[in-house]
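The values are calculated or read from the model by the stated rules, or taken from the named source; none is laboratory data. Note that the structure is predicted; figures quoted are calculated from it, not measured. We place every Cβ from the backbone using ideal geometry, glycine too, and count neighbours over all the protein chains shown. These accessible areas exclude ligands, DNA and RNA; they are computed on the full protein's heavy atoms, side chains included. Shrake-Rupley method; radii C 1.70, N 1.55, O 1.52, S 1.80 Å.
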Amino acid sequence: MANYTENELAKDLENQEYKFGFVTDIETEKVPSGLDEDIIRLISSKKNEPSWLLDYRLNAFETWKKMVEPEWAHVRYEKPKFQEITYYAAPKQTKKYESWEDVDPEMKETMTKLGISLEEQQRLTGVAVDFVMDSVSVATSFKEKLKELGIIFCSFSDAVQEHPDLVKKYMGTVVPTTDNFYAALNSAVFTDGSFCYIPKGVRCPMELSTYFRINAGGTGQFERTLVVADEGSYVSYLEGCTAPQRDENQLHAAVVELIALESAEIKYSTVQNWYPGDKEGKGGVFNFVTKRGICERNAKISWTQVETGSAVTWKYPSCILKGDHSVGEFYSVAVTNNYQQADTGTKMVHLGKNTKSTIISKGISAGKSQNSYRGLVQIHKNAQQARNFSQCDSLLMTDECGAHTFPYIECKNPTAKIEHEATTSKIGEDQLFYCMQRGISEEKAISLIVNGYCKEVLNQLPMEFAVEAQKLLAISLEGSVG
Amino acid sequence: MIKIKNLHANIEGKEILKGLDLEVNAGEVHAIMGPNGAGKSTLASILAGREEYEITAGSITFDGIDLLELSTEERAREGLFLAFQYPVEIPGVSNINFLRTALNEIREYKGQEPISAKDFMQMVRDKSALVELDSKLANRSVNEGFSGGEKKRNEIFQMAMLDPKLAILDETDSGLDIDALRIVANGVNKLKTPHNASIVITHYQRLLDYIVPDFVHVLYDGKIVKTGPKELALTLEEKGYDWIKESILS
């Protein structure tokens with residue numbers, strides 16, 4: 001599989017610029033900008049929410065007001081002006097779409113441009129897609145088919161209406177409102193997102209996919225994803241993100257919670273391609289995301305991320321290995337170019353006995369960017385025989401970029417085994433020359449070498465995503481060797 | 001095929017080539033021998049287009065085209081191939097992918113369609129047999145974890161796949177045991193046609209027992225100082241380079 005895609009990827013290389021930078025001309029309904037209790041009440045009432053959820057939001061808002069923005073990350077940026085952000089923007093729609101045919105043609109056009117035409121997906125790949133534009137879920141495909149298996153896959157808002165017990169039971173159990181500044185903000189103002197529940201013993205027969213898109217200007221995107229895999233079930237979940245090119249910085253503060261009950265497995269893959277800003281570092285999305293999963297006995301959570309977008313990334317998909325014999329994995333490729341900054345990594349919290357975690361992180365820095373890996377491996381005192389392996393590699397493309405590694409290890413159990421490997425290398429002139437002597441252009445040579453370097457991570461992605469990710473890597477690193 | 005006239009080249013201000021002349025025609029095999037530091041590998045690097053060398057005088061035409069005007073990859077696509085003295089490792093990129101990418105870039109340059117997967121795999125089988133390369137190596141990452149001999153064989157395998165007009169073998173014999181040497185040389189001989197040519201750069205006569213050259217040149221102090229038939233190599237082996245130095249001085 002990887003053999004095939006690696007060859008195909010460079011076809012799109014002509015695409016020098018950020019190709020998702022278009023704006024869709026769709027009427028948007030926005031609430032006034034700024035944040036106070038009234039706005040939260042307004043959002044909640046627009047979404048026709050039960051009172052417990054409004055209380056949840058208001059509590060979170062109270063917590064948030066007392067918190068300060070974290071500054072420990074190795075990134076520098078002008079802090080968002082929280083009172084200037086519009087917290088709710090939705091494509092104007094009077095009715096719910098019953099079927100794909102009902103969807104606004106402009107919207108369909110957008111999805112096609114993003115390469116996620118639902119029709120095509122349905123026909124060819126069997127991926128169920130939930131499309132979230134400016135905070136509101138627009139279309140979810142394959143709902144009926146999944147329903148037969150008892151799988152719930154819908155927008156977060158629909159889940160609140162139709163499955164309130166499940167939402168109430170699990171929401172905030174992995175990422176509490178008090179967790180951090182951005183999680184608290186999200187908990188107060190989140191507008192939509194995706195919800196997924198896989199019943200006991202069911203193996204979800206297709207990839208579930210959510211596509212996030214910020215379209216309207218001046219807005220923030222605050223979505224929430226909640227995935228619950230009941231005992232013995234399996235699901236593979238994909239998430240993709242893009243945004244238009246704008247000179248302003250847009251805030252994206254999401255919360256993702258994964259719950260893997262006994263012997264369940266969740267595979268969560270992200271290809272993050274928010275607008276990274278222009279070559280001078282103007283504009284771009286601030287991607288401040290809290291992602292965390294909890295594993296009960298024998299359960300497994302695997303995070304795979306390919307991060308190429310955003311002006312600033314602050315994100316640490318983590319696993320709480322609560323149950324004995326549970327497994328956590330984190331595979332990451334983070335690319336930064338021009339003035340992008342990324343501070344990303346993971347936390348593996350080993351609570352149960354015989355828990356195992358693997359961390360493979362590949363950072364690639366180009367231009368004048370700064371790329372940091374930050375990870376925590378924590379072995380608690382009851383985690384007998386816990387085991388961790390971490391590998392953090394950094395690849396530098398120029399002399400002006402930076403790669404940093406901040407690995408933290410806390411071990412309170414003497415039977416634990418922890419391994420950490422790290423390398424830093426510069427892309428080899430000799431490798432490039434070798435490729436070029438065989439007739440391969442410099443751009444293609446770079447993408448070959450970089451894709452080779454990231455192979456362990458890319459191999460974790462489902463097929464369609466792997467192709468997309470490889471193309472993205474090539475495009476993100478256009479003209480980046482210095 | 002290739003005409004090098006009065007070539008002068010510097011690296012970091014130091015003159016390495018000092019007026020080198022060489023002409024190679026289709027169907028010919030030329031050996032270039034010479035003591036350490038004579039400029040043999042410099043010549044190979046310049047032909048392939050390494051940028052750290054500065055050409056201060058002279059010209060190189062390749063099939064009528066000014067070679068010095070072409071980028072490294074354009075030279076390769078025009079049919080110039082360099083078998084590296086030290087082949088480079090590219091982790092995570094399979095040999096097959098690497099070659100298919102290269103082959104398709106060359107085909108695109110020539111206005112041809114990409115090769116079909118079926119034809120490509122057939123070609124891999126045929127050509128790897130030619131250099132007795134284990135087909136498993138074709139699926140491994142480019143040169144990663146290859147032994148010295150495997151790396152050199154892989155160079156000849158790539159040469160077979162890309163079918164160049166002019167192949168430059170830069171000390172391909174270095175680090176090879178006698179069996180590997182024979183295999184590599186056999187590969188080169190089998191690839192010889194009336195339409196292509198090779199320049200074999202070597203230190204020792206040994207390789208020329210297997211690859212029989214039409215001409216042997218002695219490169220000394222940045223110039224070709226002597227040219228002769230294949231027997232010249234034997235004389236060099238016997239007498240060393242000192243008698244050439246002496247004959248130049250006298």
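Numerical summary
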| read-out | value |
| --- | --- |
| Among B:Leu7, B:Val218, B:Pro164 - extreme Cα towards positive end, dipole of chain B, charges at beta-carbon | B:Pro164 |
| Listing of segment A:439-456 residues, each with accessible area lower by at least 10 Å² in the full protein assembly than in the chain alone (probe 1.4 Å) | A:Gly439, A:Ile440, A:Ser441, A:Lys444, A:Leu448, A:Ile449, A:Gly452, A:Lys455 |
| Within 10 Å of each Cβ in B:107-114, the average number of Cβ atoms from other chains | 1 |
| Subset of A:Lys79/A:Lys282; B:Lys127/B:Lys192; B:Lys110/B:Lys192 violating a 19 Å alpha-carbon distance limit | B:Lys110/B:Lys192 |
| Antiparallel DSSP beta bridges within segment B:2-249, as percent of all bridges there, nearest 5 | 60 percent |
| At R0 = 22 Å, FRET efficiency that the Cβ-Cβ distance of B:Lys18 and B:Arg206 yields, to 0.05 | 0.20 |
| Inter-centroid distance (Cα atoms) of segment B:1-37 relative to segment B:181-237, Å | 14 Å |
| Estimated buried accessible area (total), pair B and A, 1.4 Å, Å² to nearest 100 | 2400 Å² |
| Dimensionless Rg over Rh [segment B:2-249; C-alpha; Kirkwood] | 0.96 |
| Reciprocal mean inverse distance between Cα atoms of segment A:199-341 - Kirkwood radius, Å | 15.7 Å |
| Per-peptide average of other Cβ atoms within 10 Å, ordering A:329-340, A:196-207 highest first | A:329-340, A:196-207 |
| Hydrodynamic radius (Kirkwood) for the protein assembly as shown, which is based on Cα pairs only, to one decimal in Å | 28.5 Å |
| Sites matching trypsin sites (Lys or Arg not before Pro) across segment A:305-412 that sit in DSSP coil, with at most 14 neighbouring C-beta atoms within 10 Å | A:Lys381, A:Lys412 |
| GluC sites (Glu not before Pro) within segment B:44-74, DSSP loop, no more than 15 other Cβ atoms inside 10 Å | B:Glu51, B:Glu52 |
| Mean ellipticity per residue at 222 nm, deg cm²/dmol - from DSSP H runs of n ≥ 4 across chain B, formula -39500 (n - 2.57) | -11500 deg cm²/dmol |
| Shielding by partners, peptide B:67-77 (average Cβ within 10 angstrom, other chains) | 4 |
| The protein assembly as shown - percent of accessible surface contributed by carbon and sulfur, probe 1.4 Å | 47 percent |
| Span-like helix ranges in chain B, DSSP H, alpha carbon extent 15 angstrom or more, Kyte mean at least 0.5 | B:178-191 |
